[in-house]
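Notes to accompany the following structure.
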Amino acid sequence: MAVVVLADASAGERASLRDPADGWLDLSATLDTAYGFVPVVAPITEPAVGYGALGALVFIDREEPTPGQRFTRPNIATVGGLATENGTQGLFAAHLGTWREGRLRTLAGVADADVNLEFFGLGNSGAPEAASLEYTVSARGGVAGGSYRTGSLPLWIGLRYALVKTHVTPGAPAPDRPEIPALDVDLRLGGLTPSISLDTRDNFFTPTRGWYLDLSIPVFREALGGDRDFELVNLSAMYYRPLGESLYFGLRGAARTSSGETPFFMRPFVSLRGVQVMRYQGEDAAEAEAELRWQFSPRFSVIGFGGAGVARSELAGRTREHSVAAGGAGFRYLVARTYGLHMGIDVAWGPDDPVFYVVFGSPWLRP
């Protein structure tokens, strides 16, 4: 997601958009403004939904770190909407909170969205585009939860609850297109997600060193307000380290699996820059991606990245899987120096046409 500041919305004195240290454009003072909601525009470039934009009011509040203090995630509040050229649209509001000297993190959000996508089948994503089935999934609901760090280790124990009402409108069927299960058309989903995370990253937005490990197990049950019982398992890892004074390496890996009653639109898929979202989908999916960033000046850097993934399913006793690789390059600008926040553009090449992304912070941003 990319953020473009339109104006400073604070009621007091207008914050400077220039860094007094070097005179370059910098949003640190704007983000530091008390009670200052900043109107932003976020271009959407995902091939699955087409070009569009996200508009929001964003408020970032943080405490000034003291020397030797552990990194603390800022408080972030946002409300906005989105729309794309294929008819996808939605409204949302969310808050990420940090409390008790950084030991408690909370998450709360609501959304109302209609998303137009394509279903390529499970483990059969190598089929031509004509074999996909267009559909609209309408989702309305919310999520709330939190995580707590115990002891001196940066280890977080979390729990989230989600309740969402979904409706799927399939496109015109055809003999060569995958079918959408009739039982997945109208669902109410209620689930708890226990999680355990290790987070030693030195920055929330654009990390340069540290680990992020997360195991989360969403469990959906009728007893929790839903219509169906099923489970997912998500394991993700990120690693950052400097290779010198101006060279930074990052590595991300993820693996996901789903139980038999999981709705088709919640099945795992390969998530890589340059690969259409939900194009390579299966009962199980995994990917790995590496990135190298060269900070050739205090404000500007360039990156190169590449990765591969696989989606796998077992249908009627037969294993079907499809693998995919993608890579690309991009640039970054240090847009908020005191936050360590970079933004820029990536261009990725995968199995289809090139795709460009406007990146805010890290493409692997995690709350």
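No lab work stands behind these numbers, since they all come straight from the coordinates. What you see is a predicted model; the values in this text were computed from it and never measured. Ideal geometry is used to build each Cβ from the backbone, glycine not excepted, and the neighbour counts take in all protein chains shown.
Kirkwood radius and radius of gyration were both taken over the C-alpha atoms of the chain, and their ratio Rg/Rh is 0.96. Annotation for Leu159 and Arg366: the two label points, set 7 Å from Cα along the Cα-Cβ direction, are 2.2 nm apart. As a length-normalised measure over Cα pairs under 8 Å and 6 or more apart, the relative contact order of segment 216-331 settles at 19 percent. Amide H to amide H, with H built 1.01 Å from N, Leu315 comes under 5 Å of Arg320, counting only residues 5 or more places away or on other chains.
First select every other residue whose beta carbon is under 9 angstrom from the beta carbon of Val355; then total the charges, Lys and Arg +1, Asp and Glu -1. Please list the in-between numbers first.
On the way: positive: Arg273; negative: Glu46, Asp346, Asp352, Asp353.
Result for the neighbourhood of Val355: -3.
Tell me what the chain gives for mean residue ellipticity at 222 nm when only DSSP H runs of n ≥ 4 count, each as -39,500 (n - 2.57), the sum divided by the residue total, rounded to 500 deg cm²/dmol. Don't skip to the end; give the middle numbers.
Details: 1 runs with 5 residues, N = 367.
Result for the chain: -500 deg cm²/dmol, rounded to the nearest 500.
Here the simple spin-label model places points 7 Å from the Cα toward Cβ, and for Ser323 and Leu224 these points are separated by 3.4 nm.
Using the Cα atoms as the points, what is the convex hull volume per residue of segment 164-323 in Å³? Intermediate results must be reported in sequence, preceding the final value.
Numbers: hull volume 24.7 nm³, N = 160.
Taking the convex hull of the Cα positions in segment 164-323, it is 155 Å³ per residue.
Say we join alpha carbon atoms closer than 10 Å with springs in a Gaussian network model of the chain; which of Phe269, Phe296, Phe119 then has the biggest fluctuation? Its mean-square fluctuation being the largest, the pick is Phe296.
Here the Karplus relation 6.51 cos²θ - 1.76 cosθ + 1.60, evaluated at θ = phi - 60°, turns the backbone of segment 210-216 into coupling constants of x, 10, 9, 10, 9, 10, 10 Hz, with x for every Gly and Pro. Residues within the reach of a label modelled at Leu198 (point 7 angstrom out along Cα to beta-carbon, backbone nitrogen below 16 Å), restricted to segment 241-268, are 241, 251-254. Our summary gives the chain a relative contact order of 12 percent, counting only alpha carbon pairs under 8 angstrom and 6 or more residues apart.
Treating r as the C-beta distance of Asp112 and Leu247 and R0 as 45 Å, the FRET efficiency rounds to 0.55. Available extension along the chain between Phe300 and His167 is 43.4 nm, counting 0.36 nm per residue and deducting the alpha carbon span.
Could you list Ile60, Ile345 in order of exposure, starting from the residue whose Cβ has the fewest other Cβ atoms within 10 Å? It would help to have the intermediate numbers written out before the result.
Values: Ile60 23, Ile345 16.
In order of increasing Cβ crowding within 10 Å: Ile345, Ile60.
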